[in-house]
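Have a look at the structure below, then the notes.
The values are calculated or read from the model by the stated rules, or taken from the named source; none is laboratory data. All figures in this text were calculated on a predicted structure; none of them were measured in a lab. Here Cβ is always computed from backbone atoms with ideal geometry, including for glycine, and neighbour counts include all displayed protein chains.
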Amino acid sequence: MLLTLIKRFDPNAVWRWIHGLGVPGLFLLGILDNLQFFSTPAGGVDAMVILLAWHNPRWWAYYASMTTAGEVIGGYLAYRASQKGGEQAFERQFGRARMEQVYRWFDKKGAGFIVGVGAMLPPPFPYTPVITAAGVAHYPKNKFLRALIAGRSVRYLGEALLGKRYGQAVIDFFSKYYQSALLVVLPANLDVQGLRV
């Protein structure tokens, strides 16, 4: 089934959809990207930032800022929900092994470091468990927000600048290899979310 969907994938239709969403779409997808009950396609937000910055280079910083704002709001909502849901909800959603792994990262490197660096890493890095663990561990709100804002700002400003400067090369690459990229990225993202293809 996944192979059929990938073969029917039309990059022109996706571009029209992305272009039609514009900045409100970036903001909304940024919010939804961090929520536990909703999963955006792996790299979907990143691709939108790059494509829109390439299409309108003057607005690259605005695209990055709006995406970052949406990601921070979504991340904060997930963090707050995790504070209320507790450790049992975290374990039910991600499994005991994943929970223990994230806690070991927190102990070894520090929660602020993991939240900040994790916010910079692109898919398929499993960032939702990091946000959830920070909430469950009652990591201080202000430190959490500073790390999240810093990490997401670096990521989306970098991607928007990449789109502004090298957008055509990125588009050409993914236009040529999009089916292969989807075969790699989608199953990896589904496995990260605990699902099976």
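Listed conditions (1) modelled with pLDDT of 80 or more; (2) within 30 Å of Ala134 (Cα to Cα) are all met by Trp60, apart from (2).
Total residues in the stretch 43-64 satisfying the condition of being over 14 Å from Gln168 (Cβ atoms), in contact (Cβ under 8 Å) with a residue 40 or more places away in the chain and surrounded by fewer than 17 Cβ atoms within 10 Å (Cβ to Cβ): the figure is 1. Filtered by the rule that a residue be among the small types (Gly, Ala, Ser) and not in a helix (DSSP H, G or I), the stretch 113-142 gives a lone residue, Ala137.
Here is the figure for the stretch 91-118: residues that are out of contact with any Phe, Trp or Tyr (no Cβ under 7 Å at 6 or more places or on another chain) and under 20 Å from Leu32 (Cβ atoms) total 2. Among what's in the stretch 133-161 and is at pLDDT below 90 and out of contact with any Lys or Arg (no Cβ under 8 Å at 6 or more places or on another chain), pick the residue that is nearest to Val102 (Cα to Cα). The qualifying residue nearest to Val102 (Cα to Cα) is Ala133. State which residue pairs qualify: first residue within 16 Å of Phe125 (Cβ to Cβ) and inside the stretch 87-106, second residue loosely packed, with under 13 Cβ neighbours inside 10 Å in any location, beta carbons under 9 Å apart, and separation of 6 or more residues or different chains. Pairs found: Phe94/Gly194; Arg98/Gly194.
Applying the set (1) part of a helix (DSSP H, G or I); (2) farther than 30 Å from Tyr166 by Cα; (3) among the aliphatic types (A, V, I, L, M); (4) in contact with a helix residue (DSSP H, G or I) (Cβ under 9 Å, 6 or more places away or on another chain) to Ala97 leaves exactly one unmet item: (4). Of all residues in the stretch 117-137, those satisfying the criterion of being over 13 Å from the mean Cα position of the chain (by Cα) and crowded, with 18+ Cβ neighbours inside 10 Å are Thr132, Ala133, Ala134, Gly135, Val136.
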